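The values are calculated or read from the model by the stated rules, or taken from the named source; none is laboratory data. Quantities reported herein were computed from a predicted structural model and do not represent experimental measurements. Every residue, glycine among them, receives a Cβ derived from its backbone with ideal geometry; neighbour counts consider all protein chains shown. Ligands, DNA and RNA are stripped out before the accessible areas are found, and what is left, the full protein with its side chains, is counted by its heavy atoms. Shrake-Rupley method; radii C 1.70, N 1.55, O 1.52, S 1.80 Å.
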Amino acid sequence: MAFKIKIEPDAHIDIQEAIDWYNKQQKGLGKKFHSAILNSIESLIKSPHFEMRYDNVHCLPLNKYPFMIHFTIDEAQKIVVVRAIFHTS
């Protein structure tokens, strides 16, 4: 069974700030970053059991970008809650 995704408001801010930064570096790069986020979220919908880093927080690194998606899993309700998107440096 597929999981539902809930993205916390702070995570939306993280995503938008990264998109804005990448667009300042090169036109269209923010769109590519956003596509990488969406692809990773699709992976979470199918199978969210990636590495647990601390407490109950799991992390999924993005392909081609130095960011990690930090999320928790509610197994009972089949919901993945995206808490933050952090730069890995």
Point to revise | region 5-48, residues that are out of contact with any helix residue (DSSP H, G or I) (no Cβ under 7 Å at 6 or more places or on another chain), surrounded by 13 or more Cβ atoms within 10 Å (Cβ to Cβ) and not in a helix (DSSP H, G or I) | key: K6, I7, E8, P48
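Among the listed residues D74, D20, identify the single one that is of a type in the set (D, E) and at pLDDT below 95.
On the way: D20 fails: at pLDDT below 95.
Unique residue meeting the criteria: D74.
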Practice item. Name every residue in region 52-89 that is open to solvent by 40 Å² or more (accessible area, probe 1.4 Å), within 27 Å of Y22 (Cα to Cα) and assigned to a loop (DSSP other than H, G, I, E, B), in order of residue number. Key: N63, K64, P66, T88, S89
Review point. Among the residues of region 13-29, is there at least one that is under 10 Å from the mean Cα position of the chain (by Cα) and of a type outside the set (F, W, Y)?
Key: yes
Review point. How many residues does region 35-51 hold that are closer than 14 Å to A18 by Cβ and more than 10 Å from the chain's Cα centre (by Cα)?
Key: 1
